[in-house]
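This report refers to the structure that appears directly beneath it.
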2 protein chains.
Amino acid sequence: MKKHYQMWEKLGLNLEKHDQFLEPLPGLYEDLFVSQENRPVAMEYYDFVVGDIHGIRVKELVEEKKKGNPVISSFCVFVPEELVAAAGGASIGLCAGSQFPVPTAERELPGSDLCPLIKSSLGFKMDKICPYFEVSDFVVGETTCDGKKKVWEILDKYIPTYVMELPQTKLKTARQLWESEINRLKEYIEENSGREIKAEKLAKAIKLINKKRDVLQRLYNTRKADPAPISGRDALLITQLAFFDDPARFIEKTSALCEELEIRVEAGEGISEKGAARILIAGTPMPLPSWKIHGLIEQNGGVVVCEETCTGTRYFEAKVPEGGKTLEEQIDNLAERGMNINCACFTPNEARVDDILRLAKEYNVDGVIYYNLQFCQTYNLEYKKISKALKGENIPVIQIESDFSDSDTGQLNTRIQAFLEMI
Amino acid sequence: MKKHYQMWEKLGLNLEKHDQFLEPLPGLYEDLFVSQENRPVAMEYYDFVVGDIHGIRVKELVEEKKKGNPVISSFCVFVPEELVAAAGGASIGLCAGSQFPVPTAERELPGSDLCPLIKSSLGFKMDKICPYFEVSDFVVGETTCDGKKKVWEILDKYIPTYVMELPQTKLKTARQLWESEINRLKEYIEENSGREIKAEKLAKAIKLINKKRDVLQRLYNTRKADPAPISGRDALLITQLAFFDDPARFIEKTSALCEELEIRVEAGEGISEKGAARILIAGTPMPLPSWKIHGLIEQNGGVVVCEETCTGTRYFEAKVPEGGKTLEEQIDNLAERGMNINCACFTPNEARVDDILRLAKEYNVDGVIYYNLQFCQTYNLEYKKISKALKGENIPVIQIESDFSDSDTGQLNTRIQAFLEMI
């Protein structure tokens, strides 16, 4: 892992803590990713990105800023990155998948009954160990859950945090609110960056980001094959990196990977044996570097073939309609995408059941692992309904509640092993 | 406690469970309320209501239904009961403050990381021990927190549950959504009841419910005196009963009580000694029959003089402007009230800090107990900010997290005792 102390210091990182944070990553990555047998060759790009995870991309962003381009961060699939791209800037999906900064965040938070993702997000900033935070002009939060909604108020003390109100239903009036929120963000970006977001640029940005979604769909399509040509952890990693890589480069590199994978599928070549237990993960996001569940499943002989999560299909399945010519039409289209994402933050959210049943069929899965970040009430409260629907289709399912620590690894290993044996 | 088995059976109550549920109430009520020395005489009305808590009012509601009047239930101060009154119906704030039905609710809920109020609400219906549920045409839920939002989906399997989307900010566009939600509820009530809600009736209903708020404010004003003329538990009980009593009768009876209290204040007569530690409770609601915290404070020599909760000032301080002549204006005014309530469900919610500091001053309190229902993330996440503001004004504060069970009574007693000694 390359060191860029000069840049990190300039960005205001806590160098000592940052070193401590990065220290275990190369070993973990080697064990979990690099050591896989028969891995697609094109994974070398992503290995390269991870190998310099706080270097090369950060350097690019520092350069962007020198040119006066905005760098704007977010944590959620609902934030329309198209607006940032249209302003000539870079949109970053921030890291929030590590236990490391959680104890620091807990100093600001009363009690511990809070989702680890939220604690991790706040902790990364408080600990000053995330160069992406430090290079950002501001953060765009959203009201997708009680915990995030209130923690943005705290985060705002550390970095300007702009909050979008995502409605909680899909009523026509709620959609109007969302549309007006997208427009408000547009104006905020314009004001902050001094860049006007023009219809022509926004049309291009919509096309570009849709292409990123297309290439992820193409990647996921290859996973429908048995044997799967790529491991679940590699696919997860790619989706995680999609949140902060340069979109055009990401599309190019992932297209190249897809070509290799499609050839493998054609040849019946897989990352695991044909017939390995095929798992769909449904539930809450797994932000970088949260790889625990995939690791446990695949080290026990299963293969994750799809993620119905915010770091999976919820990130790319819903696309922005491309027809819009005026800003008004385009913003209406951006709003449309949000309303087509079936997040548990909405009520009702019956379409999510359909999504999961459809994905289980499309990816020909043997079982579903319902992954729930601790204290995420909305996803937790949808489990019963979803497990009932899956059982109705004779698809085995278990729920796993976890955080980003290793404290439950042994217990999870036993449960996952038992589940894989059963199916 | 009077028995009305014939009516209860007709309503479909589980008579055996219902008996078990009611069984400890008279003893508890005797110990906590009736046994108080020097209690205002006019409390006898509320004693009478509690003594027949599942009888006389339920009978009235059954009669209302026979006349074709709607009976509509809710759980939250944001639901505009004026609309129900304008349709000639009765609005009921449902019970949700008992541990008794929680184990039943937990059968429908995954894990136990959920607010006891929400579990209790669902459990009352599942157990069939609440005649108010059984006499209701439908329930009006709202999106004030993740837990409630998703549990309405489950409750809807047991009783029709209509959900209002309360926005999460107070932006102009969010207020518009709330206004349209009030209008949507109006139409739903009209459709369901076959009653047209006319401007003239709604104007009267707005005045009536404002009068209920006024009388509660008048009651609270008497508590500003030292010694307080009424105990905190009695005042809490009155607010709890305000949610489901007939508004006109409640106003009459509570006005009579206020007259007595004002005379006591004039005479310097109190429920406790002058100089008893005066406590403001701030935080989450205490629905009927949740009296634990008040009991512990007052049995340890303190006196609760104000509640900054949904079963306190958040229920009555914000009033509906009365000028509206057209339905449009009136609905705009109903929306205005909601936007003036400083619930932790909003972001930002800085005005709640001001509210608490103001109440601490107005009620001349010696300390604040921040009461947090377990797993209520929004209120929990506001604690740090509020405690900091209070400490800045040299007002002592502790946070108490609890549920409706007695399992933590000993521990809470010790903490409350220590707090009262300290201040």
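Per residue, chain B exposes 37 Å² of accessible surface when a 1.4 Å probe is rolled over the protein heavy atoms with every protein chain present. Modelled this way, with points 7 Å down the Cα-to-C-beta line, the labels at A:Glu362 and B:Ala267 are 7.7 nm from one another. Between B:Lys388 and A:Arg184, what's the calculated FRET efficiency when r is the beta-carbon distance and R0 is 35 Å? Round to 0.05. It comes to 0.70.
Taking the alpha carbon gyration tensor of chain A, multiplying each eigenvalue by 5 and rooting it gives semi-axes of 31, 25, 23 Å, largest first. Any idea which of A:Leu373, A:Cys115, A:Ser91 is furthest toward the positive side of the dipole for the protein assembly as shown, if Lys and Arg beta-carbons carry +1 and Asp and Glu beta-carbons -1? The residue sitting most towards the positive pole is A:Ser91. Protection proxy ranking, highest mean first, for peptides A:177-187, A:393-403, A:74-84: A:74-84, A:177-187, A:393-403, where packing is the per-residue count of other beta-carbon atoms within 10 Å, averaged. Of the residues making up the stretch B:364-382, those losing 10 Å² or more of accessible area when the isolated chain is joined by the remaining protein chains, with a 1.4 Å probe, are B:Phe375, B:Gln377, B:Thr378, B:Asn380, B:Leu381, B:Glu382. For the protein assembly as shown, the Cβ-based charge dipole about the Cα centre amounts to some 980 debye (Lys, Arg positive; Asp, Glu negative; other atoms uncharged).
So, counting K/R as plus one and D/E as minus one, what does the shell of residues with Cβ under 9 Å around B:Gly302 add up to? Around B:Gly302, the charge tally is -1. With N as its number of residues, the stretch A:1-93 has a Cα radius of gyration that, divided by 2.2 N^0.38 Å, comes to 1.28. Modelled label positions at B:Lys274 and A:Thr326, each set 7 Å beyond Cα in the direction of Cβ, lie 7.2 nm from each other.
Evaluate E = 1/(1 + (r/R0)^6) for A:Asp113 and A:Glu191, where r is the Cβ-Cβ distance and R0 equals 30 Å; express this FRET efficiency to the nearest 0.05. Calculated transfer efficiency: 0.20. Taking 7 Å steps out from each Cα toward its Cβ at A:Ile398 and B:Tyr158 produces label points 3.0 nm apart.
By the Kirkwood approach, averaging reciprocal distances over each pair of separate Cα atoms, the protein assembly as shown gets a hydrodynamic radius of 28.8 Å. Note on A:Arg223: accessible area approximately 0 square angstrom, rounded to 10, probe 1.4 Å, nucleic acids and ligands left out. Sequence-ordered 3J(HN,Hα) estimates for the stretch B:217-233 from the Karplus curve with 6.51, -1.76 and 1.60 and θ = phi - 60° stand at 4, 4, 4, 5, 4, 5, 6, 6, 6, 10, x, 5, x, 9, 6, x, 5 Hz, glycine and proline given as x.
Remark: label point of A:Leu28 defined 7 Å out from Cα along the Cα-Cβ vector; separations to the same position in other copies 4.7 nm, ascending. With K and R counted +1 and D and E -1, the other residues having a Cβ less than 15 Å from that of A:Ile56 yield a net charge of -2.
Here the Karplus relation 6.51 cos²θ - 1.76 cosθ + 1.60, evaluated at θ = phi - 60°, turns the backbone of the stretch A:275-280 into coupling constants of x, 4, 4, 9, 10, 9 Hz, with x for every Gly and Pro.
Within the shell defined by Cβ-Cβ distances under 14 Å, the residues around A:Asn364 carry a net charge of +2, with Lys and Arg each +1 and Asp and Glu each -1. First obtain the Kirkwood hydrodynamic radius of the stretch B:180-242 from its Cα pairs, then insert it into the Stokes-Einstein equation at 4 °C and 1.567 mPa s, and state the resulting D in µm² per second as a whole number. In µm²/s, the coefficient rounds to 90. For the stretch A:144-185 versus the stretch B:197-245, the inter-centroid distance based on Cα atoms is 34 Å.
In this calculation the C-beta distance from B:Ser405 to A:Glu106 is compared with R0 = 25 Å, giving a FRET efficiency of 0.45. Heavy atoms of chains A and B lose about 3700 Å² of accessible surface on contact, summed over both sides with a 1.4 Å probe.
The values are calculated or read from the model by the stated rules, or taken from the named source; none is laboratory data. As the structure is a prediction and not an experimental result, all values here were calculated from the model. Counting neighbours? That spans all protein chains shown, and the Cβs are built from the backbone with ideal geometry, glycine included. Surface areas here come from the heavy atoms of the whole protein model, side chains and all, with no ligands, DNA or RNA. Shrake-Rupley method; radii C 1.70, N 1.55, O 1.52, S 1.80 Å.
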